[in-house]
Structure formats: structure tokens, C-alpha cells
1. Out of A:N187, A:N127, I need the residue that is modelled with pLDDT under 90, in the same structural domain as A:L262 (by TED's automatic domain parsing) and within 28 Å of A:S217 (Cβ to Cβ). Which one?
2. Going by the conditions given, is A:V121 aliphatic (A, V, I, L, M), crowded, with 18+ Cβ neighbours inside 10 Å and free of Cβ contacts under 8 Å to residues at least 24 places away in the same chain?
3. Across region B:36-66, what is the number of residues that are open to solvent by less than 20 Å² (accessible area, probe 1.4 Å), touching a helix residue (DSSP H, G or I) at 6+ places or on another chain (Cβ under 9 Å) and in a loop (DSSP other than H, G, I, E, B)?
4. From B:D340, B:D266, B:D308, which residue is in a strand (DSSP E or B) and among the acidic types (D, E)?
5. Can you pull out the residues in region B:399-413 that are assigned to a helix (DSSP H, G or I) and away from chain A (no Cβ under 14 Å)?
6. Within 33 Å of the chain's Cα centre (by Cα) and farther than 30 Å from B:W431 by Cβ, is that true of A:R86?
7. I'd like the full set of residues that are open to solvent by 40 Å² or more (accessible area, probe 1.4 Å), within 14 Å of chain B (Cβ to nearest Cβ), under 32 Å from the mean Cα position of the chain (by Cα) and in contact (Cβ under 8 Å) with a residue 12 or more places away in the chain, limited to region A:30-58.
8. Suppose we filter region A:146-165 for residues that are at pLDDT below 90 and either more than 8 Å from every other protein chain (Cβ to nearest Cβ) or closer than 22 Å to A:G268 by Cα (or both); how many remain?
Amino acid sequence: MSLAKFLLRRTLQGLLVIWGVVTVTFGIRVVAPGDPVAVILGPGASETLQEQVREDLGLNEPLYVQYVDYLQGLVVGDLGYSYQSRREVEIMVVERVPATLELALAATVVAIVIAIPLGVVSATRRNEPADYGATTFSLVGISTPNFWLGIMLILLFAVQWGIFPSSGRSVGLGEAVVSLVTTGHANDLLAWARHIVLPAITLGTFFTALITRLTRSGMVDELGKPYVTAAEAKGLPGVLIRYKHVLKNTMIPIVTVLGLQLGTLIGGAVITEEVFNWPGLGSRLISSIRSDDWPLTQGILIFIAVSFVLINIVVDTIYAALNPQVTAE
Amino acid sequence: MSQHGSGWTSRRAFLTATGAGTLGAVAGCLGGEGPEEFVVTQGELAGNADPNDHNATPAYNVFDPVYEPLFDLTPDGEIQERIVTDWEHVDDGEIELTLRDDVVFHNGDEMTASDVAYTIDRQVDEEVGIPSPQADGMTGITGAEAEDETTVLVEHEVNPELAETGLGVFARVVDEEWVEEREQPIADEMNGTGPYQLVEFQAEEHAVYEVFDDYWGEEPPFDQLRFQAISTDSTRVADLETEASDVVTNVPPADVHDISEAEGLDIRTVVSFRNIFLVMPNDDEPFDSQAFRQAMNYAVDNEAIISDINDGFGEPMSQPVPEDHFGHNPDLEPYPYDPDEAESLIEESGYEGEALTLTCPDGRYLNDTDIAEYAASQIDELDTVSCEAEIVPFEDLVEMVLDGDPTTAPDFFLIGWGNPTYDSNYGLEPWFVEGQASYNFLEEDLEEPVLDQRIEEAILESQTVEDEDEREQLLQDINEEIHEAAAWVFLHNEESVYGVRSDLEWEPRGDERINPGEMEL
């Protein structure tokens, strides 16, 4: 199979997934208790006004018409209006994307910076205290619920030691960078950094533990291969063997997982954002669910699904380009 | 003053050095940021920036710095002059308001009587702007019109004091021309006449204000002000402890001790106007029986709820309105905890063996789910009935309850009701008069004359009685009748618990209003 065909197949599969998400969220909206008109107008509105709003929203139309209308709107990027704020959903989604993306990327950075050295050390010092420490860390990291971890980090690093802020985002990264470039002052950038440290650690801990394990097992496999023995026989330094040759070969599956996990992090940031009052998609998703704001809930879920699918396609493409066996299969 | 969002604290910095040294150095490199501003953190904010599209205290707190109330409302519920300098009952059903002539909106428009009349119409007439949930509070007010530049004639169908109270509590002036130019309701802009003008608004997230230089009144105490929402209790409390917030609302009882002991922080409490109770819509079995409803009151130990669950915060209730509200009946005692009496009344009602479900909102009131589960377990302990609690999102419950139709409400539910008017009418009318949003009492065949009709007629009559003593007596009688009828399981009056910086001079109000103008550092 050519790369183009492979890509086309992946794209079609992605579209199918997105359609499924759209259909399921639309279905949930239909069967969920509650009347959108009551949410919009509140109690006490007259029958005439309720009927008018119902008409405006197309809620009097048969379900299949509502469904087709919604799909048509999606195609042109129209996700409807929020019941609560009456603002366009697509704007409410897009304005929260940078915060969530920043958090997901920062969590990924935390994972890479901590997990890979830890995994290497753990693999090269098997059955030594460093290895026990690393495997214990990864076990604890995978087992720790992030809402609990977030609260503990706040108590220690914000309340007890006063090192980092307990909540909020101050400014966005883009704004902070622009401020640095235009004024030469790094205050905004530093403020951004201080605010993101604890949420990024919270969100990234599970991911860090996962990558540590992957790195360790990959390294252990590679270290047992003949080319390592050959390199050692040639007299190459151990550091060079481990970091230039063995780690490089170990990185292929890790890079794949990193890409895929980025999508998971975007969707999985919900709890972390809520605990740290981080103004991203997750906290907006929770507030939309609380207030029965279905257009907004749908919009966010669809955005997350689309992001996940796109990231998967990109990762698959890179992987296929790097490893022709994938397309051959 | 808080460093907005910084959390950098000189007081706590490095008090505990262990383990913090390295990170402290890193954080030190990262530095502090932001201008100083006074920060108030609540559990929730407002879904949009339209002052007439909400009816919840946290939202009013966000709007009040910008959208100025017509009257000042004292903590005792008395109205005083503000934008309105004089008011007079000129005729049956008419109140004449005289306005200041030096009030300007933040966009530079002069405030006129037409704006005030438009504001009132926008609240009570769904054809003007939006259908406003504040209409219920503007009891009996039917509309307003401008007589000249500084005089407004308000038309009403009730006791003039009651109409004034509605105006005093709910009316906040908007700019007619500015509002009409915009899509309704207003999404994220504000233009009022208050001491602060809006700098930034993010729905459900934060509102940032700066001083409005052309404000007609006293300069407010803080140059910059921020109201923000943090729904997670522990994060909200941490925000205070890290000095990122200057005032936080709804401190959980479990955190009260720690904050009280913390250097530079303080706990302030006040008995709130919010009444917590269990509603028993009596359109169906078993709550159509007065004996059964009374049994529920005897079965639930509201003293224990206050002491064991709320750590002593709260006052037991005996009737629909708290003490200090006009029409409260001081002679009524809360139902005592008496499971034997409850069993006996259930037998008398003939509804033994009923399986009840108590529906409760999640996180709207102080320890609401714990309270519901506790009450349900006490009822469940009776031999003759069973009960379990079901937790639902607050919005779902509100939707079921506030549609004016008792048949769509859950069979048995916990809810709270804040009465900012300090008049029994707003504690009674919405629940006991047919056609009102939360009407849930329509007993049909208890006794002659029919109880629900008698209560409803008495409430409507009380609205038109001009003599205040006579009206108070009538309201006290109604409260007594509802106590006897056991329309609700009367639980407790909430106590508002605020965490504040200890150098803040501010006494919290029972009506949950947070007015920076009443604060000083």
C-alpha cells in the first residue's frame, strides 16, 4: 500500500470516528432530561415566548431534520449558540484551546524531561537502588489519581511553602511571548511559568510514569541485543552506547506514544483544570455540563474528538514514513 | 492587596524550609507579577454579563460594582436613598421616584428617568429585552414610565412597601439606548453607573474592574477589583491561604479551624437569609397527608445536622422564613426530633411501607449532599418507611422545580431559598401561590376550607394590606399555618462562612451581598 493510500484510509477512519462522536453526543442531548427552552428562558416565561424560542432553535422540527441541520452547521464550523451565555460555541471553544494546549504540552515536557533519563538509569542499573526507586516512582505515578495529587501539590507548594500559585493562569503563553518581544520584560512569561508548574506536574505524572516504564523496558530489550555487545567489544564508551545507540532505537515506540498521549492529555485535562482553576476546555466542559448547556458540551466534545483523530493521523503518518513496514501491512 | 494570581507570599515564604530550598530558588527566579488588586473569590460567577438575566446572589455581587442599585439596602433590609433621592406613594398603585441628576453611565451617557423606567420594564415585562428571572422578586410591579428627566412613576398592584422592597433589592440601572443596540441578553460587556467600570469579563470565570472616575458618589476603596470563580472548595481555600484572594466565600467547616489559626487570615460568619428545607410536593401520595408530612419533620434531627455535619454553623428553622424577616412568627418552635412520634403519625396516615427518594443538588449549598444523605438515613431508620438520597446536578433540580408545575418536581427534594427582601412575602409567594415559578403546594382535600387555597388567598391578601401591623400579623398567621401543615421539612438557616485577610474591616451581610464599598483595609 502506498503512503497516500494509507493516509486516505486513516483519514476516512478518522472521519468515521468523528461522525460517531457527533451522533452519540447528539443522541445523548436528545434523550437527556431537561428542556433547552427552560434553560434559556428560566422559570416563568410565557408559553408564547417559549414557543417562539423553540421555533427559533428548530426544536419543533423532526429529530432527523435537527440532526441534519446540526451536521450541516458543523461542516461550516457553526456549532450553534451557548444556552447560558448566548455566545457562539465555536468561539467559546477556540478561546479556551490555547490554555488546554499549553497545559498538555507542558505536561508532555515534564514527562520527557523526567521519564527518559529515569528510564535510562533504571534500565542500565537494573536491580540497584536507582532501579527500585524508578520503578517505585512509576508504579506510584500510575496509581495516583491526579485530583488527589493536584490538591496535595497545592497544599505543599502553594499553601505550605508558598513557592507556586495555587490556581489560575495569569496570562497566556502567546501574550507573554509578545510582551517579552515588544517590551523586553519577561515578567509575563515568568508569571505564566509559575502558574503552569503545578498543573503540568499533576497532569504529567501519570504520563511520566508510563514513559519511564516504556523507556526502561525498551532499553532493557535493546541492551541485550548483539549490536550492544559488539559496540562494547569495540571499546565504545558506555555512555555513548546507551545514549547514542540504544536510546535512539528505544525512542521509536516512545515517540509514537508521546504523540498519541498528547490527544489523551487534551481530553484528560478536565480534572486538573478544575482543581487548579485553569481556564481551559476541561473546566468549561464541566461548567457546561453543570448548567445543561448542551450546545457547548457538544462543541467541546467534538473538538476533543477531532483533535484526538488529527493527532493520531499525524502520528501514524510520521510512523509510516519512518517505518515502511507499517504501510506494507 | 493580592498579587493577582501570583500566590507569592512573603508571610509564608520559606517558613518551612525543608524541601523547599531548591524549588524556592527556582520560583524566586521566576519572580512575581501583576498589579495589586482586591480579589474576591466565589464558588460561581455569572453565565453572561446581563444584569437582568440572573437571580442569584453570586451574580449580583459581580454586577453591583458596575450596575448601581436604585436604592441602598442596609444589612437589615431597609432601603435608603442612592440613585433615587426621594420616593412617594402618590396614588393607589403608584410610586413616584425622584432621581439624582448627576449620574452618568460608564460610556458617558447621562442617566435619565427613561433609563430607570426601561430598567424596571425590562425586569417585569418579558416583551422588553429579555424574560428576566428577577420578575418574581418585583412582586406586583407592573411597569414604569418617565414623567420628566428625573422623575419615574412606578405602577404596582400591592402594598407600596412591598413594591419598594422589590425595587430596592432587584432594580439595577441599565442604559436603554446602549442595551437596545446590543444582542439580548448582553454577553460580555457592562455599562452601568456604579463606582467601578468593567475592564474584562469572562463568563463563569472572572470580572475585572477599575475605578470609574466620573462616579457621582464616594470613591471606592480599591483601585482595582476582581471577582473570580473557583468552584473547587479546596482550591478556593488555598487561594486565600496563598494570599491570591482577599475574600473567599463558602469556606467548608472542615477548613474553618485552619484558617482561624493561620497568621494574617480570619474567618467571618453571619447567619444568612438562606433557608434549607426539604420540599414535599403534596399533589400525590404519601405527601398529600398532613400526618405523614409532620412525621417527616419529627423523623429528621435538624439540630444534629447543624452540629454534626455543619460543625455548628446554622440555626434550626420552624417556618418558611428566618428570624428578622418581616412576618416571622417568634412563637413557633422547630419540630423536635422524635422518631416514635414519627412512627405513630405514619401509622395514622396509612402510608406505612412507602419507599421514598430524597433528591438533592450537588454542591450548591453548604454540605448539601451530606445533609440529604443524613436526613434520608434518619427517615430510613424508621420501621414504617424507607428512604434513600439521590444526588443530581443543581441545574437539573432547578429545572424540575422552578417550572411552576408541582407534578414535574421530584417527589421529595432538598433545596435552599434566599430571601433578600427580608419580607415573608418573598419566602412564601413563590412556593405557595399558583402560577409562581416554584409553586409546589396544592393540597386538595385535607380539610375545609381547602388548606392550599386558604394559604394562597392569605398570602395574596397580605400583599394588599396597607397597615404594617395588620400585615405582619397576617404573615405570622400564615407562617404558623404552614408550620402546622408541615409543608416542608424545616431544616436550618444557613450560616455564611467567609475567609478573609485579617486586616480587612468588613462585616459580612446576611443577604450574602459582597459590597467592596463597605470594606476598608
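The values are calculated or read from the model by the stated rules, or taken from the named source; none is laboratory data. This one's a predicted model, so the numbers in the text were calculated from it and none came from an experiment. Note: ideal-geometry Cβ built from the backbone for every residue, glycine included; neighbour counts use all protein chains shown. Just so you know, the surface numbers come from the protein's heavy atoms only, side chains and all, with ligands and any DNA or RNA stripped out. Shrake-Rupley method; radii C 1.70, N 1.55, O 1.52, S 1.80 Å.
1. Values: A:N187 fails: within 28 Å of A:S217 (Cβ to Cβ).
Result of the check over A:N187, A:N127: A:N127.
2. Values: aliphatic (A, V, I, L, M): yes; crowded, with 18+ Cβ neighbours inside 10 Å: yes; free of Cβ contacts under 8 Å to residues at least 24 places away in the same chain: yes.
Yes; evaluated as a whole, the condition is true for this residue.
3. The qualifying residues number 8.
4. On the way: B:D340 fails: in a strand (DSSP E or B); B:D308 fails: in a strand (DSSP E or B).
Going through B:D340, B:D266, B:D308 in turn, the sole match is B:D266.
5. Restricting attention to region B:399-413, the residues satisfying the condition of being assigned to a helix (DSSP H, G or I) are B:399-401, B:406-408.
B:T407, the sole residue that qualifies.
6. Details: within 33 Å of the chain's Cα centre (by Cα): yes; farther than 30 Å from B:W431 by Cβ: no.
Considered against the rule, which asks whether it is within 33 Å of the chain's Cα centre (by Cα) and farther than 30 Å from B:W431 by Cβ, A:R86 comes out as no.
7. Answer for region A:30-58, where residues must be open to solvent by 40 Å² or more (accessible area, probe 1.4 Å), within 14 Å of chain B (Cβ to nearest Cβ), under 32 Å from the mean Cα position of the chain (by Cα) and in contact (Cβ under 8 Å) with a residue 12 or more places away in the chain: just A:G34.
8. The number of residues fulfilling the criteria is 2.
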